[in-house]
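Data first, discussion second: the structure below is written as structure tokens.
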Amino acid sequence: MKHHSWSAVVALAALASCQSESQPEFRDIQPVCVDEASPIEEADEVWTCEEPLEVDCNTESLPEEIYVRLESGSCAEVELQAVPGPFPVGTNEIVVIDQDGESVCQTTLTVTDTMAPEITSSQAELWPPNHKMKTFTVADCVEVIECDPDWVAEIQWVSSDEPTDAGTVDDDDEDDDHEDEDGDEPEDDEGDTDEGGTDDGGTTGEAPKDTDTDADEDEDEDDDEDEDDDADDDQDDDAVASEDIVIVGSDTVELRAEREGGGNGRVYTIAFVIRDHGGNESEGTCTVSVPHSQGKNGEAIDDGEAYRIDP
């Protein structure tokens, strides 16, 4: 099998092209017809259909041409057809045909990938802090430079720098938090209160148990009516049951838009690994923040891991 030995300039250009496109090359390979008695220049950059070729997609550009020597006839009488791409990582069968669809020559082009994916992380943001869950994938907060498009992401763990169910929507809710510790009921986002509840702006989705031994079925019926009025909200709260982080797939997580009203914002950290088709892998992290506010100095500050969730 032939290996290309490109010049430094060609190799550098190929590397830039491969990394900027982050995908296999989709252009065709053009056959160059050579008459039976005609010589083929002996250069490293020339690929003939008489031998297989192997290139590393990270350091070498895929060839633009393949030289085809006719076993009989004249090039003036033959119209060789381009070999269509793409040519992904792995072994690609190369078949050059003429204008009649007849095979003129066959060989293989093996594309290898020996470098780990290059990862650039960014910070995503959750706003407003309305206690709603939002779905994120690893691809939402990273850019992967990889000539093999068949890379996959796998979440290793997800953490938060605030305790679960610690969030409030408004800065004024900080006072409500203190009142809640004394057993009083704070206001929720809509200005309503849940009778007998302990909602501090978070999402426990649970009301305290009735300690009155004289409670009767009338109170239960009233509770049922309240639940019917807010059925959609209650179902949503019950479904998440105070979980601010829910890993729902190998590369997908649901995060709650929530932070402490008196704090400095919330920062979720997603740890992941990226693997390509060649078995190369890179680890990384990205963050999703819930700012304290949208004003000056309102950005979230990472106070370090409070807890983490594993898949």
Exercise. Determine the gain in length on full extension of the stretch Glu50-Val152; use 0.36 nm per residue of separation and subtract their C-alpha separation, reporting nm with one decimal.
Key: 33.1 nm
Exercise. Report, by chain and number, residues whose modeled amide H sits under 5 Å from the one on Ile94, excluding near sequence neighbours (fewer than 5 apart, same chain).
Key: Thr107, Thr108, Leu109
Self-check item: Stretch gain in nm, segment Ile301-Thr252, where the contour uses 0.36 nm per residue and the Cα spacing is subtracted
Solution: 15.3 nm
Self-check item: Residue-level accessible surface for Cys49, protein heavy atoms, 1.4 Å, Å²
Solution: 10
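The values are calculated or read from the model by the stated rules, or taken from the named source; none is laboratory data. This structure is a prediction, so every number in the text was calculated from the model and none was measured. SASA here: full protein model, heavy atoms, side chains in, ligands and nucleic acids out. Shrake-Rupley method; radii C 1.70, N 1.55, O 1.52, S 1.80 Å.
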